[in-house]
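Take a look at the structure set out below.
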Amino acid sequence: MTLLIAICPSMLTKEETAMPQEQAPRLSHVGLYVSDVPRMIDFYTKVLGFVVSDGAPDGRITFLSRNPSDHHQVVLVRGRTTDTETPMVQQVSFNVGNLAAVQRAYRKVSEADCQGIRPVSHGNAWSVYFQDPEGNQIEMFCDTPWYVPQPCGFKINLDKNEDEVYRATEAYCREQPGFKPMEEWRAEISKTIAAQLQA
């Protein structure tokens, strides 16, 4: 999983803040070649809660979003020529903000009988993975307050209440070598990024 880190000016020295900083890239959207556009639109709107934000009248391209600040987050483009056994992407990941939202996503995809449903914690995130109708792996996740060295992945039970999932995850993470609060890790990586930008 990729973490997008913003440099907080308070974490930099006076000399570092005086230097112009490049804007950190932010993943904006993902485009997928698809074979059955109506079926994919149906899935992304009815199961994942996106809305069609735009599209060509002939259906060759459709834009979808769940964030009014983003014209589109997912683009469906007609023209896939591979079978569904060959996924078009490794994964598409959406940060849904909090554990309760991850649990809601888990229930929603379970009710929709999605394939490949995997509730997982990476230590630094709670996630549910599943496949869309054309076999692309989707992840709905949120951050935890902890860092553990990656890769890390262990099963979690999203049917339990939020507090139980939280406590079980924290207990597991605290046993891992390299465990630290996420804020501590972010302070360290911020210094590394600042040094890289000055190089």
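The values are calculated or read from the model by the stated rules, or taken from the named source; none is laboratory data. Predicted model only: the values in this text are computed from it and were never measured. Reconstructed Cβ throughout: ideal geometry from the backbone, glycine too, with neighbour counts over all protein chains shown.
Worth a mention:
- One residue stands out among those in the stretch 48-66 that are in a strand (DSSP E or B) and among the hydrophobic types (A, V, I, L, M, F, W, C): the one that is surrounded by the most Cβ atoms within 10 Å (Cβ to Cβ), which is L64.
- Subset of the stretch 67-78 (residues that are in a loop (DSSP other than H, G, I, E, B) and modelled with pLDDT of 90 or more): H72, Q73
- Residues that are among the aromatic types (F, W, Y) and either surrounded by fewer than 17 Cβ atoms within 10 Å (Cβ to Cβ) or modelled with pLDDT of 95 or more (or both) within the stretch 142-199 comprise W146, F154, Y166, Y172, F179, listed in sequence order.
- Condition check for H122: at pLDDT 90 or above, crowded, with 19+ Cβ neighbours inside 10 Å and either among the charged types (D, E, K, R) or not assigned by TED's automatic domain parsing to the domain that holds P181 (or both): no
- The one condition in (1) polar (S, T, N, Q); (2) over 20 Å from the mean Cα position of the chain (by Cα); (3) part of a strand (DSSP E or B) that T192 fails to fulfil: (3)
- Taking first residues from the stretch 32-45 that are surrounded by 15 or more Cβ atoms within 10 Å (Cβ to Cβ) and partners that are modelled with pLDDT of 95 or more and assigned to a helix (DSSP H, G or I), the Cβ contacts under 7 Å between residues at least 6 apart in sequence or on separate chains come to V34/M40.
- Boolean, I138 is aliphatic (A, V, I, L, M), within 25 Å of V47 (Cα to Cα) and either free of Cβ contacts under 8 Å to residues at least 40 places away in the same chain or not assigned by TED's automatic domain parsing to the domain that holds A101 (or both): no
- Q90 polar (S, T, N, Q), under 16 Å from the mean Cα position of the chain (by Cα) and modelled with pLDDT under 80: yes
- Members of the stretch 166-199 that are hydrophobic (A, V, I, L, M, F, W, C) and within 13 Å of P145 (Cα to Cα): A171, C173, F179, M182, W185
- Being at positive phi, surrounded by fewer than 18 Cβ atoms within 10 Å (Cβ to Cβ), at pLDDT 95 or above and part of a loop (DSSP other than H, G, I, E, B) holds for only one residue in G97, G116, G135, and it is G116.
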